[in-house]
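First comes the structure, then the notes that go with it.
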Amino acid sequence: MSDLPRGWATATVAEITLPVFKNDRKNDPDKPVWYVDISSIDNQAQAISTPQRLNLGEAPSRARQIIQTGDVLFSLVRPYLRKIAPVTPKYDGEVASTGFAVLRPANGIDAEYLFFKVISRDFVGALTEDQYGVSYPAVNEEQVTSRPVEVPPLNEQRRIVGKIEILFAELDKGEESLKAARARAGLYRQSLLKHAFEGHLTADWRAANADKLENSETLLARIQKERDSRYKQALDDWQTDLAKWRDAGEHGKKSAKPKRPGSPSIIDKREVSLLPNLPEDWVWVRLASCFWLSPKNGIYKPAEDYGSGVQIVRIDDFYDGRLTKREGFKRLRISDREAQDFCVSEGQILVNRVNSIEYLGKSALVKGLKQQTVFESNIMRCHPLVDRILANWLVSYLASRDGRNRICKNAKHAVNQASINQTDVGETLVPLCSPAEQAEIVSRLEAKLSILDALEAQIDAQLARSKALRQSILKQAFAGKLVAQDPNDEPASELLNRIKAEKAAAPKPKRKKRVKA
């Protein structure tokens, strides 16, 4: 910070902010308030978006901080999530959680200048490095308020804010266009999937290839025969492993007997009447009919076991039917037996069984992994019949809106998350057609969706560049390179002296005295 322009100075956040008063819930328990907690912050818009309306006496014990227009709320929990927002006039006098550092700019510090500073990569990054705790990483308020801030003269602060707003507004327009294009791509993706799984995508192919179609009775009989064959092979392999274990003196863990998947429940006429009409010789089946082993939930390990070891697929590593990370999976230290029990293999399907309802039930086909990889406890591993086309078919259907709705139909809801179990997954209804038509649909979908994937990747790359450009603008701003300096501006050193004197003369927040028992 020694390279700052003439007239600038440095200070800590504490030196340029004012103390915040706490409320006394007992004095006015029936007072209705807006309560802003960490979940109320939209970290994309950097705004308060979903506060709770409740009486003060009903509010959580953390609802203590009285906020006012111009304050900046900085979440102390997981600072890298950037749950940071300014307080607008709508929430003047309302209440915020003690999970925030409430930064109230002193007289002479522009509120928007302070806000832009604390959302900068340098500021947030430094605090992310300082966070403590593993399962609940956080920083304390003193760590936030002790961070240094570049302080220009007040008039220059305002010029900087004005320039940032102009540049950010231009970026906003570009990002709005990109997000709109991505939304259209998402709608097209869903329209294409719906078209495919209602039989419309291959209507022309069916008309020209009637000799390749298989009636539903033959299709279901073949699937059942393959399920039985695959399970018998798994049982034979287990018996071979068991014999080797006994010959070795029964050392190590005994292999678990493969569990035969239960028989799916019969689809009654009432269910069929509520389903979309399918082409002739297509049929609705339970998803479990396409599995030859029962699904298995993933491995749970405490946070301290992460960092090295084998690759692990986590719930944020897949979407739209495919793994989104090829490199960069997190790693987990586990035993050889655990690696064997929870290893994923080519052609298996992973289903997200615990998450927010928005992402619950998303799935991915395992393919292209070059290293041993396991899967975490919030994921379920399914074994589709050994048929690459069928596995692709199932995953593509589950990626459709109808598929996701059906797999989540009986989800159990809890606070901030929902879950599905193996029965929910197995009972999910999926449309099925003859293998030849499956292959044709999968081929057409892959061709069209690959183009869509490339388009979405380009949009995401442009959005990432826009985000990086915002940070570049902020970096220039706080280095004094965004606007010209005015030698007639009052130096920041005098501004800081005045803030110090005003803070010393101001009344301090009263602390409630503790009464000894």
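The values are calculated or read from the model by the stated rules, or taken from the named source; none is laboratory data. Small disclaimer: the values here were computed from a predicted structure and weren't measured. To get the accessible areas, we keep the full protein, side chains included, count just its heavy atoms, and leave off ligands, DNA and RNA. Shrake-Rupley method; radii C 1.70, N 1.55, O 1.52, S 1.80 Å.
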- Principal axis dimensions, segment 207-342 - Cα atoms, whole angstrom, descending: 55, 40, 33
- Item | Set of lysines with alpha-carbon distance to residue 370 below 24 Å, sequence-local pairs under 8 removed | 296, 301, 325, 330, 362
- Message: Can you match Rg/Rh (Cα atoms, Kirkwood Rh) to one of these, (i) 1.49; (ii) 1.07; (iii) 0.99, based on a calculation from the structure here?
- Response: (ii)
- Message: If I model segment 1-159 as equal point scatterers sitting on the Cα atoms and use the Debye formula, what is log10 I(q)/I(0) at q = 0.11, 0.12, 0.20 Å⁻¹?
- Response: -0.44, -0.52, -1.30
- Query: Too long at a 29 Å Cα-Cα cut-off: which of 90/117; 254/412; 90/481?
  - Reply: 254/412; 90/481
- Classified through the alpha carbon gyration tensor (a ≥ b ≥ c as square roots of its eigenvalues; rounded if a/c is under 1.5, else prolate when a/b is larger than b/c, else oblate), segment 102-243 comes out oblate
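Is the C-alpha gyration tensor of segment 390-517 telling us rounded, prolate or oblate? Criteria: a/c under 1.5 is rounded; beyond that, a/b larger than b/c is prolate, otherwise oblate.
oblate
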- Message: On a straight-distance basis, which aspartates and glutamates could pair with residue 253 in a cross-link, Cα separation under 19 angstrom, same-chain partners fewer than 8 positions away excluded?
- Response: 236, 237, 241, 336, 338, 341
- Item | Residues of type lysines that residue 269 reaches as a straight line, Cα spacing below 20 Å, ignoring anything fewer than 8 places off in the same chain | 409
- Query: By DSSP, what percent of the beta bridges with both residues in segment 263-378 are antiparallel, rounded to the nearest 5?
  - Reply: 60
- Heads up, segment 175-246 by the C-alpha gyration tensor (a ≥ b ≥ c square roots of eigenvalues; a/c under 1.5 rounded, else a/b over b/c prolate, else oblate) looks oblate
- Which distance in Å, rounded to a whole number, links the C-alpha centroids of segment 3-17 and segment 24-47? 31
- Per the Kirkwood formula on distinct C-alpha pairs, the Rh of segment 68-176 is how many angstrom? 15.0
- On average, how much accessible surface per residue is there in the chain, in Å², for a 1.4 Å probe, leaving out ligands, DNA and RNA? 53
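For the chain, with all protein chains present and a 1.4 Å probe, just round the carbon and sulfur fraction of the accessible area to a whole percent.
Its accessible area is 51 percent carbon and sulfur atoms.
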